[in-house]
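Trainee: Okay, here's the structure, questions in a sec.
The values are calculated or read from the model by the stated rules, or taken from the named source; none is laboratory data. As the structure is a prediction and not an experimental result, all values here were calculated from the model. With ideal geometry, Cβ positions are generated from the backbone for all residues, glycine too; neighbour counts draw on all protein chains shown.
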Amino acid sequence: MFWNLMPKENISDHERKELSNFILNTDKYTQGHYVKQFEQDWSAWQGCKYSVFVNSGSSANLMLVKSLYDLYGPGGMICQACTWPTNINPAMQLKESTFLQLCDNNLNNFGFDIEQLKNYIVSLKPDYLFLTHILGFNGATDELIALCQENNIKIIEDCCESHGAMFNGNKVGNIGLAGTFSFYYGHHITTIEGGMISTNNEELYHQLLLNRSHGFLREHPNKETIETSCDRRFTFLTDGFNFRNTEINAYLGIMQLKKLDNNIKVRNNNYNYYISKLDSLKYETNFNSNGISSFAMPIISKKNNTKDLSSKLTDAGIENRPFIAGNLFKQPYMKKVNMYNSFPNADYLHNNGLYVGNNQFVEYTMIDKLLHILNNE
């Protein structure tokens, strides 16, 4: 392929050799010292107090919602209509959720359509807002934060495509109670499979540790002070999961983290070059790119359905995908969910949107070829 979303170079030859040496010489493969080190290194980079490494970004979302329900009780949740399915699935999978409501996106930073959100807040009185920072864009605004504060709504963030994106001088993931991240192979850095939950809330951090590992008492930092009539080695404080990751993945993450800032810089340079030369008469270009940590090149046609364009890009060796999953309400599995369902902007993204992956191995000559195809459509 000319342009892959997940280039093989994401793990360098040097990192492969280091991983091989690690596997040959370690006597610990399951969660241990390097998992803790990666969590500490990530927290330092993210600018938060606590981080919990898990086996995927999707697991991070499910475990975060479960932990919030454990601590603060179940409630209603609002998510963007155009987002990744594992942002909305936890509210469906955890049966104690009182309701799930999708809300239309805006076309500026792909966060919530504020006017529709205001109506839902009045009519539904949600407890939780799950904000996804899509394609590396910061999805937050001052108005959104104020709206949630005024209505006592807890914000959580999915930053799985947006490592290092900024809002008001701080990295996303630090806006609400917690943020989730994915280290899947094609993301800003990779642990092959893996995810992280970051928070400044100590109580939530403790609950996350329990829920990551079956609910084991032994995972709690204050385990010696907690009374139990069971064998302390096999006491379960909550109905948790097994979402642990391995020393191997963590060791790779520690190496990858050292190049994350440079990866973001290259990705953002690529995005700025691309968006400055894309024909604004044919495609949406008026995005709020402040604080972006680019994950992809958005292609949103102002005039045409993008099915034929997708085929042309594929024929040219440029891998492309729908705009996330489009309007999630149109997905077959959503037929069992009863909710308000007028999402014109998400429909627009569903019908007229694509993206091409951005990464640190993309060169301007590659972008020029992409632009030639797009601008001559």
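Trainee: For segment 212-236, enumerate the residues that are part of a strand (DSSP E or B) and not polar (S, T, N, Q).
Mentor: 216, 236
Trainee: Moving to a separate point now. For segment 1-33, enumerate the residues that are hydroxyl-bearing (Ser, Thr, Tyr) and farther than 20 Å from residue 188 by Cβ.
Mentor: 20, 26, 29, 30, listed by residue number.
Trainee: I'm trying to understand the selection: among the residues of segment 319-335, which are hydrophobic (A, V, I, L, M, F, W, C) and more than 13 Å from residue 102 (Cα to Cα)?
Mentor: Hits for segment 319-335 are 323, 324, 325.
Trainee: Let me ask something else. Could you pull out the residue among 355, 364, 283 that is in contact (Cβ under 8 Å) with a residue 24 or more places away in the chain and over 30 Å from residue 190 (Cα atoms)?
Mentor: 283
Trainee: Check whether at least one residue in segment 140-154 is part of a strand (DSSP E or B) and either in the same structural domain as residue 246 (by TED's automatic domain parsing) or closer than 18 Å to residue 49 by Cβ (or both), and report yes or no.
Mentor: Residues of segment 140-154 part of a strand (DSSP E or B): 154.
Then drop every residue that is not either in the same structural domain as residue 246 (by TED's automatic domain parsing) or closer than 18 Å to residue 49 by Cβ (or both), which leaves 154.
Yes, segment 140-154 has at least one match.
Trainee: Report yes if residue 49 is within 30 Å of residue 247 (Cβ to Cβ), of a type in the set (Lys, Arg) and in the same structural domain as residue 30 (by TED's automatic domain parsing), otherwise no.
Mentor: yes
Trainee: Evaluate the following for residue 320: is it in contact (Cβ under 8 Å) with a residue 24 or more places away in the chain, in contact with a Leu (Cβ under 6 Å, 6 or more places away or on another chain) and buried (at least 16 other Cβ atoms within 10 Å of the Cβ)?
Mentor: Yes.
Trainee: Scan 173, 186, 179 and give me the residue that is assigned to a strand (DSSP E or B), small (Gly, Ala, Ser) and either out of contact with any strand residue (DSSP E or B) (no Cβ under 9 Å at 6 or more places or on another chain) or in the same structural domain as residue 82 (by TED's automatic domain parsing) (or both).
Mentor: Within the list 173, 186, 179, the selection yields 179.
One line per residue, one yes/no per condition, for (1) assigned to a loop (DSSP other than H, G, I, E, B); (2) closer than 30 Å to residue 29 by Cβ; (3) acidic (Asp, Glu):
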{"site": "238", "(1), (2), (3)": "yes, yes, no"}
{"site": "251", "(1), (2), (3)": "no, yes, no"}
{"site": "261", "(1), (2), (3)": "no, yes, yes"}
{"site": "274", "(1), (2), (3)": "no, no, no"}
{"site": "287", "(1), (2), (3)": "yes, no, no"}
{"site": "294", "(1), (2), (3)": "yes, no, no"}
{"site": "303", "(1), (2), (3)": "yes, no, no"}
{"site": "313", "(1), (2), (3)": "no, no, no"}
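Trainee: Are there strands (runs of 3 or more DSSP E) fully within segment 3-106 with at least 2 residues that are buried (at least 16 other Cβ atoms within 10 Å of the Cβ) and of a type in the set (Ser, Thr, Tyr)? List them.
Mentor: On the way: elements: 50-54, 76-80, 99-103.
Because the criterion is at least 2 residues that are buried (at least 16 other Cβ atoms within 10 Å of the Cβ) and of a type in the set (Ser, Thr, Tyr), the strands (runs of 3 or more DSSP E) in segment 3-106 that meet it are 50-54.
Trainee: Just name the residue that is surrounded by the fewest Cβ atoms within 10 Å (Cβ to Cβ) out of those in segment 107-122 that are of a type in the set (S, T, N, Q) and part of a loop (DSSP other than H, G, I, E, B).
Mentor: The initial filter retains those residues of segment 107-122 that are of a type in the set (S, T, N, Q), namely 108-109, 116, 119.
Next, only the ones that are part of a loop (DSSP other than H, G, I, E, B) stay: 108-109.
On the way: 108: 16, 109: 24.
Ranking the qualifying residues of segment 107-122, first place goes to 108.
Trainee: Mind listing whichever residues of segment 270-305 are touching a Ser or Thr at 6+ places or on another chain (Cβ under 7 Å) and among the aromatic types (Phe, Trp, Tyr)?
Mentor: 271, 283, 295
Trainee: Within segment 283-290, can one find any residue that is surrounded by 16 or more Cβ atoms within 10 Å (Cβ to Cβ), more than 26 Å from residue 65 (Cβ to Cβ) and assigned by TED's automatic domain parsing to the domain that holds residue 141?
Mentor: No, because not a single residue in segment 283-290 is surrounded by 16 or more Cβ atoms within 10 Å (Cβ to Cβ), more than 26 Å from residue 65 (Cβ to Cβ) and assigned by TED's automatic domain parsing to the domain that holds residue 141.
Trainee: Could you list, in sequence order, the residues of segment 227-278 that are of a type in the set (S, T, N, Q), without any contact (Cβ under 8 Å) to a residue 40 or more places away in the chain and either outside the structural domain of residue 69 (by TED's automatic domain parsing) or crowded, with 21+ Cβ neighbours inside 10 Å (or both)?
Mentor: Restricting attention to segment 227-278, the residues satisfying the condition of being of a type in the set (S, T, N, Q) are 228-229, 235, 238, 242, 245-246, 249, 256, 262-263, 268-270, 272, 276.
Subset that is without any contact (Cβ under 8 Å) to a residue 40 or more places away in the chain: 228-229, 235, 242, 268-269, 272, 276.
Correct list: 268, 269, 272, 276.
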